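See below for the structure under consideration.
Read-outs throughout are calculated quantities, based only on the coordinates presented, and are distinct from any laboratory measurement. Predicted, not measured: the structure shown is a model, and the values here were computed from it. Neighbour counts are summed over all protein chains in view; Cβ atoms, including those assigned to glycine, are modelled from backbone coordinates with ideal geometry.
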Amino acid sequence: MKAPVWLRVVAVVLFGLLLGEAMVLAPPSAEGTGAQVMDWMTGHWSGYEPMSVVHFQLMGVWPFVLAALCAPWLRGRRIPLWPFALGSMALGAFALLPGLALPRTSGKPIPLLSSRWMAPILGVPTLGLLGWAAVAGDPWAWFSAFQSEQFIHIMGWDFVVLWLTSIAVAHARDGRGWLCAVPLVGALVWLWTQNGSES
């Protein structure tokens, strides 16, 4: 399976937009961001706004979702995608998109990532986090942080770009990118139906 040229073009455009947003339009960096990130990584969430914490945790789910969506190309015969997918666990779309922009031919699939069971494995924590955000989160507090804090601002746009990437990749694979219209949840539905149909 060869990745279509239009997918590479989309990856380049999205990467350019995300890089421009981060370098030109993002607000200044806030003091104490490093300590905040460390707290969120180590489970010290007390005292932080839940929706921002959930946003950060979901950014840890996205790389696995995108890796499963891109499963045919992770071990590509020309340029494997797995190093870029691995980098996305720390850098999100900033690492994944350059990989998608390169010529890509499919290789031997990674069994778990190609399995429909990736959908429930990733779906349980995703739905749990979304439920917590719905019950305890404050959308206006998150939006205020998005406007004023560089880290939240860039992370917000990174989330949007990964969502758009999921739509493009799903469409490139089977023409049903519309299933990914709901961020994260839609991609999980796609994984369940697509991988189930291939098994």
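Some observations on this one:
- For the chain, built as a Gaussian network whose Cα springs stay under 10 Å, the top-fluctuating residue of Ala35, Ala170, Ala22: Ala35
- In sequence order, calculated HN-Hα J values of region 139-154 (Karplus, 6.51, -1.76, 1.60; Hz; x Gly/Pro): x, 5, 5, 5, 5, 4, 5, 4, 6, 10, 10, 4, 4, 5, 4, 5
- In region 1-145, inverting the average of 1/r over every pair of distinct C-alpha atoms gives 17.0 Å as the Kirkwood radius.
- Peptides 177-187, 36-46 ordered by average Cβ neighbours within 10 Å, highest first: 177-187, 36-46
- Radius of gyration, Dmax [region 97-168; alpha carbons; angstrom]: 16.6, 46
- Cα convex hull volume per residue for region 38-124 (Å³): 94
- One quarter of the surface of the convex hull around the alpha-carbon atoms of region 65-199 equals 8.4 nm², the direction-averaged projected area.
- For Gly76, the residues whose amide H sits under 5 Å from its own are Leu81, Trp82, Gly107, ignoring neighbours fewer than 5 places away on the same chain, with H placed 1.01 Å from N.
- Environment charge of Leu69, counting only residues whose C-beta is closer than 12 Å and scoring Lys/Arg +1, Asp/Glu -1: +1
- Peptide packing: for 5-16, 129-140, 63-74, the average count of neighbouring Cβ atoms within 10 Å per residue gives the ranking 63-74, 5-16, 129-140, highest mean first.
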